[in-house]
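These notes are about the structure you will find just below.
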Amino acid sequence: MGAENQPETPHQHPGNAPGAPAPQPDLRTVNLDAMDGADVDVLVVGGGINGAVAAAALADRGLSVALAERGDFAGMTSQESSNLVWGGFKYLENYELPLVWKLCRSRNQLMRSYPTNITEIGFLATLDKTSPFPPWLATLGSIGYWGIGSFFTRRPSYYRPKGIARREPVVDVETAAGAIEYADAYLNDNDARFVWSFIRSAMDRGARAANYLSVDAITRTSAGWEAAATDTIDGRTINLTARSVVNAGGPLVDGVNRGMDVSTRHQIVFSKGIHLVVPKLTDSERVLAFFDDTQRLFYVIPMAHRSVIGTTDTRTESHDEKVTDDDRSFLLEQINARLRLEKPLTTDDIIAERCGVRPLVVERADDSHEEQDWTSLSRKHEIEVDRARKVVSIFGGKLTDCLNVGDEVVEAVRQLGLKPGRGTDHWYGEPSQAERERYLLRAATLGLDRAPEVERGDSIALVLWRRHGLAANDVLDAVAQDPAAAQPVLAESDVLRGELELFRRREMIVTIDDFLRRRTKLSLIHRSETLAADPGMVELCEALGVEAP
């Protein structure tokens, strides 16, 4: 993702030999030091997908940017998605044609820009007599959706029950009326890793960013804003000034605005959604879609050698939700009724759980959302500009829409009187195909063109490329020097020993959960007790400089 302007210095280790060079501070400390006392064009509050793309897009246009995230990057809503990059077929139900068109365009651009990270996947939607739409109408909708998406994906198809059974034997077709199969896209790794790529892009373009940095107070001055933040790891206070603020607080956006005495036309309401990760339910690499008993779509989504069931849609008043027994029971009941399994899924089959809230945008003065169907509330985003106070607020948003958010934030900041440059428009996306091919050729000479032992699928070389881009060449260097670097550090993982230095040096990993949950998807596809008991966990934690689970 472009030239790397951020230093990549090693962690400080105790017990250095006398006369050895003084250890350098780690990357997070370097960023905190640079932020303390800094005067920047833009302070971005929040390190989820909205804050990450805002920082990357602004830095690419030559503005000085500081980003503060109170937890880990992507540590809230942005780590709880369905990992889908889609135009929102289901939004056609509410006639949100402009939103679907916009999301389809963004999906297409993301697929072009991330050809190995974001790939096309089929959605097989089975309908029965209780579904809200007959198969013929869903078929017409899928053709319209394909057209709205500029025919970018493969054409949709219709199947009668016998065709469903041939195509996907695990689906119970006893009550099926028919099915449609259309195409969208999904993230091959995980949502939080995708967010991290934008944080890294922002830093590579000169932005300073820090996780576990809580902005406690933002005070308006004649020149802009003074911010006081606390490093929640060691209690250090960081002070900086900024000419403008981008509020990318996600579910916390309204609270951040109240702290700055900023009034807005929009506000956020919450919808809780959960996913359950279970053993793989089908060998096919497609999404299975069904209408549940409440007439809402839910899915079975592939993730490595697992299946992810979800999501739900429940009104809530809190941004901090957990999976409940009722949540588990509901999803398991729904999927057991629609699949032909050797034995029904139970809570014992749950490997991991995901639970988050969707921050949905509503008009502040409009109370109609209290009465309307909860699931019909729009998933669009809104960006408000307070010119007088020089604040940009981002409400809502989706992973699929992230590039639009980045570009719109640049234009919003321009309205505040700042002067972003033309930029390169390369603040997102993978390196070129030629660079990838050179890397893969070299990786093959080192024997990394094999699939990981734990799961079938993409080669180790391609997995490394998806994670690190051009920096994956550092792993090849490590393997070339020591073949043991090509071995997995954990028995059930695709993380290599030769990767650990790269993770430690470049990715601001503070806790083991940062690594297992967000920089990788290990804790999503393996039971926590399995990971904790792995003999390689001690080596991994020592290499990363974090406490073992």
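FYI, it's all coordinate maths here, none of it is from the lab. Because the structure is a prediction, the values reported are computed rather than measured. Note: ideal-geometry Cβ built from the backbone for every residue, glycine included; neighbour counts use all protein chains shown.
For the reader, a short list of remarks on this structure follows.
- Sparse-neighbourhood loop sites, GluC sites (Glu not before Pro) in the range 443-549 - DSSP loop, at most 10 other Cβ within 10 angstrom: Glu547
- The range 26-52 and the range 299-356: distance between their alpha carbon centers, rounded to Å: 36 Å
- Checking the Cα-Cα distances for Lys129/Lys343; Lys90/Lys129; Lys272/Lys343; Lys102/Lys398 against a 21 Å cut-off, the pairs over it are Lys129/Lys343; Lys272/Lys343.
- Footprinting exposure proxy for Val546, Val463, Val538 (fewest neighbouring C-beta atoms within 10 Å first): Val538, Val546, Val463
- Rounded to whole Hz, the Karplus (6.51, -1.76, 1.60) HN-Hα couplings of the range 501-506, x for glycine and proline: 5, 5, 4, 5, 6, 10
- Modelled FRET efficiency - R0 51 Å, Ala548 with Glu93, Cβ distances, 0.05 increments: 0.60
- Ordering Glu342, Glu408 from the fewest to the most neighbouring beta carbons within 10 Å gives Glu342, Glu408.
- On full extension, the segment bounded by Asp425 and Asn239 gains 63.9 nm, given 0.36 nm per residue less the C-alpha separation.
- Label-to-label distance, nm, for residues given as Lys162 and Trp101 (7 Å Cα→Cβ offset): 4.2 nm
- The calculated FRET efficiency for Ala388 paired with Ala38, based on their beta-carbon distance and R0 = 25 Å, is about 0.55.
- Of the trypsin sites (Lys or Arg not before Pro) in the range 107-206, those whose Cβ has at most 14 other Cβ within 10 Å and which sit in DSSP loop: Lys129, Arg154
- Once the Cβ-Cβ distance of Ile143 and Ala532 is raised to the sixth power relative to R0 = 56 Å, the FRET efficiency obtained is 0.70.
- The chain - mean residue ellipticity at 222 nm from DSSP helices (-39,500 (n - 2.57) per run, n ≥ 4, rounded to 500): -9000 deg cm²/dmol
- Counting neighbouring Cβ atoms within 10 Å and putting the fewest first, the residues Ser432, Ser64, Ser82 line up as Ser432, Ser64, Ser82.
- Simple spin-label estimate for Asp326 and Ala228 in nanometres, 7 Å along Cα-Cβ: 4.2 nm
- Structural descriptor for the chain: relative contact order 19 percent, calculated from alpha carbon pairs under 8 angstrom and at least 6 residues apart.
- Once the chain from Asn336 to Asp216 is taken as fully extended at 0.36 nm per residue, the excess over their C-alpha distance is 38.5 nm.
- Approximate spin-label separation Trp136-Arg450, in nm, with each point projected 7 Å along Cα-to-Cβ: 5.6 nm
- For Val246, residues with placed amide H under 5 Å, excluding near neighbours: Leu43, Val44, Val45, Val392
- A straight Cα-to-Cα reach below 24 Å connects Lys390 with the lysines Lys380, Lys419, residues fewer than 8 places away in its own chain not being considered.
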